[in-house]
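The values are calculated or read from the model by the stated rules, or taken from the named source; none is laboratory data. This one's a predicted model, so the numbers in the text were calculated from it and none came from an experiment. All Cβ positions, glycine included, derive from the backbone under ideal geometry; neighbour counts span all protein chains shown. The accessibility values were calculated without ligands, DNA or RNA, using every heavy atom of the protein model including side chains. Shrake-Rupley method; radii C 1.70, N 1.55, O 1.52, S 1.80 Å.
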There are 2 protein chains.
Amino acid sequence: MSKGKRSLHIALVHHPVVNKKREIIGSAVTNLDIHDIARTARTYGVGSYFISTPYEDQHALVNELLEHWQSGYGATYNPARKEALARVRPVFSVDEAVSSLTKEYGRAPHLVTTSALEQGNTIGYAELRKKINEKEPVLLLFGTAHGLAQEILEQCEYSLPPIKGGTDYNHLSVRSAASIIIDRLLGS
Amino acid sequence: MSKGKRSLHIALVHHPVVNKKREIIGSAVTNLDIHDIARTARTYGVGSYFISTPYEDQHALVNELLEHWQSGYGATYNPARKEALARVRPVFSVDEAVSSLTKEYGRAPHLVTTSALEQGNTIGYAELRKKINEKEPVLLLFGTAHGLAQEILEQCEYSLPPIKGGTDYNHLSVRSAASIIIDRLLGS
C-alpha cells in the first residue's frame, strides 16, 4: 500500500449542475462538503480535491475556511484537519482542474463522472481501479445539487455505474456517494 | 436482491461517547447526521436507524425534524426525504434499541461496534455480511464525537476492523464511515 498520493483526483462541481427541475444552476459551496470529503480523500490518499465554482465570492469563502484550518487557530486546534484540507484546491472550472493535472502528469487525466443515473460510457470499478494502480491520472467528478449538467457528463471519457443498494431507492448525499466510491476504488 | 428491509439495523450513539481528551461526554444531535445516514440507510435497505441520546431536549429536536419531513411541509416538498426518514427511531439508550429489536425478532441482535481503533473481538466484513444474508438481526453502533466510550465497546459481541485507506491517516467523519461500512456489508 502506498503511503503517498494516488493518481486519483476528485472534483466537487458547483456549476454547471441541475436543480430539481433539471434547470442549470450554480450551487453554493458548503462547509461540510469540503470537510467531510477532504477527510475521506486524505484517508485514502486521493491526490487532490478540487472545489470547482466560477464565483469569486465562493472562492473567498473557501479560501477563508482553508486559511483558518491551514494557518489560523484551526491548525493548532486540530492538526489532523489541517492535513486533510491541505489537498483542497479551489478552481474556477473543471477545465482548470484538467489543465492543472495535465501539466503535472504531462498528459490529460481520464475524466470520469459519477451519476445516480446510468450513462452510456460506463467503466467498471475494477477497471478504473486498475488504471489508478497503474498510476494513470484520473479526475473523478461529483455533482452537487441534483447532479452534474448534461454538458459536463458529455465531456467525460467514462462514467461509473450508479451505486445500487439492493432497493429501489437511490438518494445518497454527495458526501456519502463520494465516500463509497473512493472506498470502492482505493479501499483495501 | 431484496427490496424490503434487511436485518441490519444501525444506531448513532450520542452518549456515552468520548471527547478529544477521552473523557465521557454526551454529544449534540446534528441535523446532517440524521439526514445523510438516513439516506444511505434507506438506499441500502437498513431496517432501522436509531438515534440514541438520553436527553429529552434532544429528543424534542429529533421529533421536530422528523415531524417536518414526515407530515409537515418537507413531506410534500421532498417525498424521497420523507421515505428516508421513515426508518429513523429516536431511543434513550442502546439498551432500548436492543430491547426493541429483541421483541421484533424474538432474539437479541448481534451487537457490533465500529471503531477507528482495533478492538479484541474483530469480525470480518464477509462474515458479518453472511449473518445479515441469513437474516440474523444485527445492531451496528456508530459513535459521534471522538468515538464510543469503552463501556459500550465492552458490551459488544463483535467489532468491525477499522477502515484503512492505504495511508497512515484515519479521520473519517461518522457520516462517511457509516456510508462505507454499510456499502461493504450490503452493497452489491
- Give me the pairs: first residue in the stretch A:65-94 and farther than 15 Å from A:D33 by Cβ and within 14 Å of chain B (Cβ to nearest Cβ), second residue assigned to a loop (DSSP other than H, G, I, E, B) and open to solvent by 40 Å² or more (accessible area, probe 1.4 Å), beta-carbon distance under 6 Å, and six or more apart or on different chains, which are they? A:A80/B:H171
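Could you check the stretch A:160-188 and list, in sequence order, the residues that are at the interface with chain B (Cβ under 7 Å from one of its Cβ atoms), part of a loop (DSSP other than H, G, I, E, B) and in contact (Cβ under 8 Å) with a residue 40 or more places away in the chain?
A:N170, A:H171, A:L172, A:G187, A:S188
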- Query: Here are some conditions: (1) touching a residue at least 60 places away in the same chain (Cβ under 8 Å); (2) open to solvent by less than 40 Å² (accessible area, probe 1.4 Å). B:Y105 meets all but one. Which one does it not meet?
  - Reply: (2)
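Would you mind finding the one in B:A80, B:A38, B:A75, B:A97 that is open to solvent by less than 10 Å² (accessible area, probe 1.4 Å) and within 26 Å of A:K164 (Cα to Cα)? Talk me through it step by step, then tell me what you get.
Details: B:A80 fails: open to solvent by less than 10 Å² (accessible area, probe 1.4 Å); B:A75 fails: open to solvent by less than 10 Å² (accessible area, probe 1.4 Å); B:A97 fails: within 26 Å of A:K164 (Cα to Cα).
Exactly one residue qualifies, and that residue is B:A38.
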- Message: Quick test of your reading of the structure: A:F142 fulfils all but one of (1) modelled with pLDDT of 95 or more; (2) part of a loop (DSSP other than H, G, I, E, B). Name the failing condition by number.
- Response: (2)
- Selected residue (criterion: least open to solvent (accessible area, probe 1.4 Å)) from residues of the stretch B:11-35 that are hydrophobic (A, V, I, L, M, F, W, C) and within 13 Å of another protein chain (Cβ to nearest Cβ): B:I34
